[in-house]
1. Can you tell which of ALA96, ALA119, ALA129, ALA115 is modelled with pLDDT of 85 or more, over 29 Å from the mean Cα position of the chain (by Cα) and part of a helix (DSSP H, G or I)?
2. From the list ALA21, ALA30, ALA41, pick out the single residue that is at pLDDT below 80, within 60 Å of the chain's Cα centre (by Cα), loosely packed, with under 10 Cβ neighbours inside 10 Å and not aromatic (Phe, Trp, Tyr).
Amino acid sequence: MTKIIASLIAGLFATAAFAQAPTASATTAAVSAPVAVKAEAKDSKAAVKAEVKDTKVVAKTDAKAEKAAGKTEAKADKADVKADAKAAKTEVKTEAKVEKTKETKEHKKAEEGKAKPAAEAGKVASKEAVVTK
């Protein structure tokens, strides 16, 4: 039995020595090259994905900025239109007031012109009445 155990132990040591990885051989380089290429491809894919993500974020940010600028422009245009309309309305009101004032002055002058002859006519009539007495 000791001979059997000794042969089994020797067999284990012999297989363990051969089972170790071979040192720098041509097959190892050939096997590790595709693994390195795969790892590099994964890294490049990850880099491309990150770049695409960054590009999308930048595009969204730019779109939001453009949209905000467009809204701001629209508000400014709207305010300009309101200001122009208000200025035009004020100008029309001012012109109407000026016209009304001119008409009022002309009307007063016309009334004064009519009233003077009547007043003078009254004075003339009173002078005639004094003279006839």
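The values are calculated or read from the model by the stated rules, or taken from the named source; none is laboratory data. Just so it is clear, the model here is predicted, and its values are computed rather than measured. Here the Cβ positions follow ideal geometry from the backbone for every residue, glycine too, while neighbour counts run over all protein chains shown.
1. Going through ALA96, ALA119, ALA129, ALA115 in turn, just one is modelled with pLDDT of 85 or more, over 29 Å from the mean Cα position of the chain (by Cα) and part of a helix (DSSP H, G or I): ALA96.
2. Just a single option satisfies the conditions, and that option is ALA30.
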